[in-house]
Amino acid sequence: MSDNLFSALRAAFPADLDQVAIETADGPPLHYTWRDLERGTAMLANLLESLDLPAGSRVAVQTEKSVEALMLYLAVLRAGLVHLPLNSAYQSAEMAYFIGDAEPAVVVCAGRSFGWVSKLAFSAGTAHVFTLNDDRSGSLLQRAAVHSDQHAAADREAGDLAAILYTSGTTGRSKGAMLTHANLLSNARVLKECWGWRTPEQGGDVLIHALPIFHVHGLFVASHGALLNGSKMIWFSKFDPQAVIARMPEATVFMGVPTLYVRLLAEPALNREACRHMRLFISGSAPLLIETFDAFRERSGHTILERYGMSETVMLTSNPYDTTQGERRGGTVGRALAGVGVRAVGEARGLCATDEIGAIEVRGPNVFKGYWRMPEKTREEFTADGWFKTGDVGRIDAAGVVTIVGRSKDLIISGGYNVYPAEVESVLNELPGVLESAVIGVPHADFGEAVVAVLVARPGAAPQAGALIAALKAQIANFKVPKQLFIVTDLPRNAMGKVQKNLLREQHKGLFGG
Ligand code: MLC
Ligand code: AMP
């Protein structure tokens with residue numbers, strides 16, 4: 001019996017394949033039935049199989065969000081290959097690294113970036129580069145169109161790779177987290193149970209899908225949730241708060257990073273009437289401020305369910321769906337999911353006492369297989385007894401409820417995207433006129449945290465903030481580019497010569513009204 005994740009998702013399609021599975025919400029609505037998903041993924045899987053790729057080949061995808069891009073992901077699973085999704089904001093230096101490191105056999109990119117992406121891909125040895133645009137044009141679908149719409153999913157074992165998700169590294173080098181079919185499927189099954197997904201026979205759920213599909217949240221948690229439950233998705237290629245609220249009366253489930261909730265709250269149309277059919281609002285990927293949690297309850301009548309996870313582990317903890325199991329507590333991320341172990345460990349590696357703050361470590365069937373081609377790094381991130389070190393800091397109360405209080409990793413989470421200061425500093429330090437820099441995260445009312453850079457100019461140089469920002473935008477994804485940049489004479493340092501980022505954070509904490 002194959003453990004291919006696709007087969008499990010396919011088995012959950014409703015018996016009536018002519019029902020609508022996905023309805024697009026921006027532009028004239030398009031309706032994709034379950035049969036469309038079945039046939040479209042078969043044709044794409046047949047195209048991939050016709051390329052005769054070795055087992056374990058990676059398919060790297062950098063496209064705008066579209067239903068076809070989701071189908072491509074499903075087709076990669078179906079064909080037994082490894083999906084490698086990439087943020088559409090990545091620029092050429094970032095893409096060169098991912099393509100060079102992952103050595104994908106296939107790259108799929110937007111038509112407008114074919115020139116530079118294909119150049120990178122061919123020079124890294126990639127044999128096949130296709131294009132896919134968000135209007136269903138491009139060579140991928142053209143080529144798939146000649147293939148059969150029947151396809152038997154490839155046999156895969158539970159421990160075979162399904163996807164690689166790159167997460168930035170503290171020292172600058174991004175690491176590819178290798179996730180298996182079993183990692184993803186076990187987590188999707190646990191979440192289906194935990195969040196009380198209602199099958200079509202039970203009245204059905206309708207998910208508003210408004211997150212990008214190149215990260216765990218939108219690709220796995222949201223899409224798998226709906227697919228494994230045979231639930232319809234209302235599909236937004238980009239989050240638009242007004243449009244989302246307009247569709248809420250038809251929906252029952254919404255998932256978002258905290259910024260999405262902040263933006264929903266900014267709309268007067270968000271009220272109890274708009275949310276009357278909603279069953280569940282889920283937040284994660286970054287800390288949800290208690291003010292947002294409270295204001296949302298006040299306005300919508302719904303208590304947001306906050307959960308916690310990461311690329312290496314998919315979901316780890318969740319507040320309860322069923323409130324007879326306990327209340328949903330703002331500021332906490334709930335208890336460990338079924339089958340998941342979560343512990344807090346102190347400085348001397350001893351287990352923390354109840355409510356004592358420590359490093360959060362986890363284990364379970366959802367925990368990834370390791371970092372792609374980085375055995376050393378993988379070993380470092382696991383304890384001798386097999387627990388994964390999350391880099392998050394938190395405490396666990398007597399009832400097992402986890403509160404994340406900070407991070408030991410030098411990481412900024414802005415609008416749900418991770419930014420590693422070391423990466424931005426290394427690019428900044430190479431720009432003309434820059435001697436050294438310190439990149440920090442400061443509170444931001446919309447993004448939660450915003451990236452800010454403080455830098456020292458080389459003697460005799462007078463770099464201009466605007467020009468530096470423009471130069472950064474050409475090299476790194478927009479969300480990593482500092483929202484503000486300060487040029488100073490010295491960076492504050494401690495007696496050991498280490499930059500005191502805490503002082504800089506304190507100094508700039510009021511910049512964005514966070
Ligand atoms: C866009 N910008 C951002 C940004 N998103 N800057 C900082 N942080 C972000 N997250 C830039 C834009 O490029 C633009 O730059 C400027 O900020 C204003 O853009 P905007 O129009 O306000 O942004 P928008 O396109 O609306 O995007 C905001 C957003 C998006 C919140 C909708 O960032 C988003 O979809 N975030 C979700 C990320 C996510 O899915 N994370 C899950 C990770 S999984 P300029 O220079 O052009 O003005 C994970 C594990 C887990 O963490 O537990 O789930
Ligand atoms: P990523 O590498 O994008 O998968 O980001 C994972 C990180 O996001 C985690 O290690 C946490 O630091 C953070 N995170 C995810 N969910 C939450 C949450 N609910 N509260 C606080 N931090 C979170």
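The values are calculated or read from the model by the stated rules, or taken from the named source; none is laboratory data. This structure is a prediction, so every number in the text was calculated from the model and none was measured. Virtual Cβ from ideal backbone geometry, glycine too; neighbours counted across all protein chains shown. To get the accessible areas, we keep the full protein, side chains included, count just its heavy atoms, and leave off ligands, DNA and RNA. Shrake-Rupley method; radii C 1.70, N 1.55, O 1.52, S 1.80 Å.
Would you say residue 438 is more than 30 Å from residue 340 (Cβ to Cβ) and either without any contact (Cβ under 8 Å) to a residue 12 or more places away in the chain or assigned by TED's automatic domain parsing to the domain that holds residue 336 (or both)?
Against the criterion (more than 30 Å from residue 340 (Cβ to Cβ) and either without any contact (Cβ under 8 Å) to a residue 12 or more places away in the chain or assigned by TED's automatic domain parsing to the domain that holds residue 336 (or both)), residue 438 does not qualify.
Does region 258-266 contain at least one residue that is open to solvent by less than 30 Å² (accessible area, probe 1.4 Å) and under 21 Å from residue 196 (Cβ atoms)?
yes
Of the residues in region 7-24, how many are buried (at least 22 other Cβ atoms within 10 Å of the Cβ) and in the same structural domain as residue 81 (by TED's automatic domain parsing)?
Matching residues across region 7-24 total 1.
Using the structure shown, decide if residue 45 is open to solvent by less than 10 Å² (accessible area, probe 1.4 Å), out of contact with any strand residue (DSSP E or B) (no Cβ under 8 Å at 6 or more places or on another chain), modelled with pLDDT of 95 or more and farther than 18 Å from residue 199 by Cβ.
Taking the combined requirement at face value, the residue satisfies it.
Starting from region 120-139, keep only residues that are within 29 Å of residue 25 (Cα to Cα), then list their pairs with residues that are of a type in the set (Val, Ile, Thr) and part of a loop (DSSP other than H, G, I, E, B) whose Cβ atoms are within a distance under 6 Å, requiring at least 6 positions of separation or different chains.
Close Cβ pairs satisfying both conditions: 132/63.
If you take the residues of region 269-289 that are crowded, with 18+ Cβ neighbours inside 10 Å and more than 17 Å from the chain's Cα centre (by Cα), which of them is nearest to ligand 2 (Cβ to nearest atom)?
289
Return only the number of the condition from (1) among the aliphatic types (A, V, I, L, M); (2) within 16 Å of ligand 2 (Cβ to nearest atom); (3) in a strand (DSSP E or B) that residue 422 does not satisfy.
Failed condition: (3).
Write out, first by first residue and then by second, each pair whose Cβ atoms fall under 7 Å of each other, whose residues are 6+ apart or on separate chains, and whose first residue, in region 388-413, is closer than 19 Å to residue 341 by Cβ while the second is among the polar types (S, T, N, Q) and in a strand (DSSP E or B).
394/403; 395/403; 402/317
Among the candidates 314, 333, single out the residue that is closer than 24 Å to residue 168 by Cα and out of contact with any Asp or Glu (no Cβ under 9 Å at 6 or more places or on another chain).
On inspection, the qualifying residue turns out to be 314.
Yes/no matrix, rows are residues, columns are (1) over 21 Å from residue 215 (Cα atoms); (2) within 16 Å of ligand 1 (Cβ to nearest atom):
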residue: 400; (1), (2): yes, no
residue: 403; (1), (2): yes, yes
residue: 411; (1), (2): no, yes
residue: 414; (1), (2): no, yes
residue: 420; (1), (2): no, yes
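Quick check: anything in region 112-127 at pLDDT 95 or above, assigned to a loop (DSSP other than H, G, I, E, B), touching a Ser or Thr at 6+ places or on another chain (Cβ under 7 Å) and open to solvent by 40 Å² or more (accessible area, probe 1.4 Å)?
Taking every residue of region 112-127 in turn, none turns out to be at pLDDT 95 or above, assigned to a loop (DSSP other than H, G, I, E, B), touching a Ser or Thr at 6+ places or on another chain (Cβ under 7 Å) and open to solvent by 40 Å² or more (accessible area, probe 1.4 Å).
In region 328-348, what residues are open to solvent by 70 Å² or more (accessible area, probe 1.4 Å) and touching a residue at least 24 places away in the same chain (Cβ under 8 Å)?
329, 335, 338
Could you list all residues from region 203-214 that are within 16 Å of ligand 2 (Cβ to nearest atom), in contact with a strand residue (DSSP E or B) (Cβ under 7 Å, 6 or more places away or on another chain) and not aliphatic (A, V, I, L, M)?
Hit for region 203-214 is 214, nothing else.
Kindly provide the set of residues from region 407-452 that are closer than 20 Å to residue 391 by Cα and of a type in the set (Asp, Glu), ordered by number.
Across region 407-452, the qualifying residues are 410, 423, 449.
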